[in-house]
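> Sharing a structure below in structure tokens format, with a few things to ask.
The values are calculated or read from the model by the stated rules, or taken from the named source; none is laboratory data. This is a predicted model, so every value here is computed, not measured. Note that each Cβ is placed from the backbone with ideal geometry, even for glycine, and that neighbours are counted across all protein chains shown. Note: areas computed on protein heavy atoms with side chains; ligands, DNA, RNA excluded. Shrake-Rupley method; radii C 1.70, N 1.55, O 1.52, S 1.80 Å.
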Amino acid sequence: MNKVVLVTGANSGIGLALCERLLQDTEGLQLCLACRNMQRAQAARSALLTSHPTANVALLQMDTSSISSVLTAAQEVKLRYNRLDCLYLNAGIMPNPQFDVNAFFKGLFSSRIVTMFATGEGILTQKDCVTPDGLQEIFMTNLFGHFLLLSKATYNRSKQS
Ligand SMILES: NC(=O)c1ccc[n+]([C@@H]2O[C@H](COP(=O)([O-])OP(=O)(O)OC[C@H]3O[C@@H](n4cnc5c(N)ncnc54)[C@H](OP(=O)(O)O)[C@@H]3O)[C@@H](O)[C@H]2O)c1
């Protein structure tokens, strides 16, 4: 039976490179690209099919920062596939740290000045926001969304097979 592999954040970067490698190395793979933006997902699928014309590549809409999107996607995975061999939990965001002018001037006249210049501590801050579900976006996108997917898409699967 063909292996089923799902990759989140598969439309670019490491995720897309991983998909390319998986298709190259595994015969008869059923690959599922789980992405939040279907246009970008379709473009990635087309690129993969250009180098692997006979590959079995499916798309799944999933925004890991949204609880309802992940639950819907997990349900869809259970309906579509009677096995799931591997999940690559790759989707993620890493906002660039921003320079905080106020913190810089505060640090300038404090005992933390040496540490501040040596490490950037206190003056470089990473912007994070709260999702409509009330969770920090980075936590939800990179971690909790994947935890939900893993637990919901695989729950009871071992009992079924
Ligand atoms: N590259 C590095 O040096 C490095 C270092 C440490 C950790 N990482 C981690 O490794 C993973 C891949 O890195 P990368 O460099 O390939 O990053 P990337 O090029 O920015 O790709 C990230 C992928 O995740 C997707 N994504 C982001 N938020 C999402 C969401 N809410 N729902 C679904 N998909 C979402 C993006 O989709 P869109 O195209 O729609 O944005 C994109 O496909 C990330 O988790 C990153 O944090 C990377």
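> Look at region 1-12 and say how many of its residues are open to solvent by 60 Å² or more (accessible area, probe 1.4 Å) and either more than 13 Å from the ligand (Cβ to nearest atom) or over 17 Å from Asp63 (Cα atoms) (or both).
Total satisfying the criteria: 3.
> Working carefully through the options Leu89, Leu22, Leu29, find the one that is in contact with a helix residue (DSSP H, G or I) (Cβ under 7 Å, 6 or more places away or on another chain), away from the ligand (no atom under 13 Å from the Cβ) and within 19 Å of Ala153 (Cβ to Cβ).
Working: Leu89 fails: away from the ligand (no atom under 13 Å from the Cβ); Leu22 fails: in contact with a helix residue (DSSP H, G or I) (Cβ under 7 Å, 6 or more places away or on another chain).
None of the other options fit; the residue is Leu29.
> Restricting to region 123-141, and then to whatever is open to solvent by 40 Å² or more (accessible area, probe 1.4 Å) and at pLDDT below 95, can you tell me which residue is nearest to Leu71 (Cα to Cα)? Give the derivation first.
Here is the first cut: in region 123-141, the ones open to solvent by 40 Å² or more (accessible area, probe 1.4 Å) are 124-130, 132-137, 139.
Filter again for at pLDDT below 95, leaving 124-129.
Values: Leu124: 35, Thr125: 32, Gln126: 28, Lys127: 26, Asp128: 23, Cys129: 21 Å.
It comes out as Cys129.
Let's see how each residue does on (1) open to solvent by less than 60 Å² (accessible area, probe 1.4 Å); (2) touching a Pro at 6+ places or on another chain (Cβ under 7 Å); (3) away from the ligand (no atom under 14 Å from the Cβ); (4) of a type outside the set (Lys, Arg):
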{"residue": "Glu76", "(1), (2), (3), (4)": "no, no, yes, yes"}
{"residue": "Ile113", "(1), (2), (3), (4)": "yes, no, yes, yes"}
{"residue": "Glu121", "(1), (2), (3), (4)": "no, no, yes, yes"}
{"residue": "Leu148", "(1), (2), (3), (4)": "yes, no, no, yes"}
{"residue": "Ala153", "(1), (2), (3), (4)": "yes, no, yes, yes"}
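> While we're looking at this one, here's another question. Where the second residue is of a type in the set (A, V, I, L, M, F, W, C) and open to solvent by 70 Å² or more (accessible area, probe 1.4 Å) and the first is more than 17 Å from Met1 (Cα to Cα) and in contact (Cβ under 8 Å) with a residue 24 or more places away in the chain and lies in region 70-82, which pairs have Cβ atoms under 9 Å and are six or more apart or on separate chains?
These pairs meet every condition: Ala74/Leu150.
Yes/no per residue for (1) farther than 26 Å from Arg36 by Cβ; (2) of a type in the set (A, V, I, L, M, F, W, C); (3) not assigned by TED's automatic domain parsing to the domain that holds Ala10:
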residue: Ile67; (1), (2), (3): no, yes, no
residue: Leu71; (1), (2), (3): no, yes, no
residue: Lys78; (1), (2), (3): no, no, no
residue: Cys86; (1), (2), (3): no, yes, no
residue: Phe105; (1), (2), (3): yes, yes, yes
residue: Leu108; (1), (2), (3): yes, yes, yes
residue: Met116; (1), (2), (3): yes, yes, yes
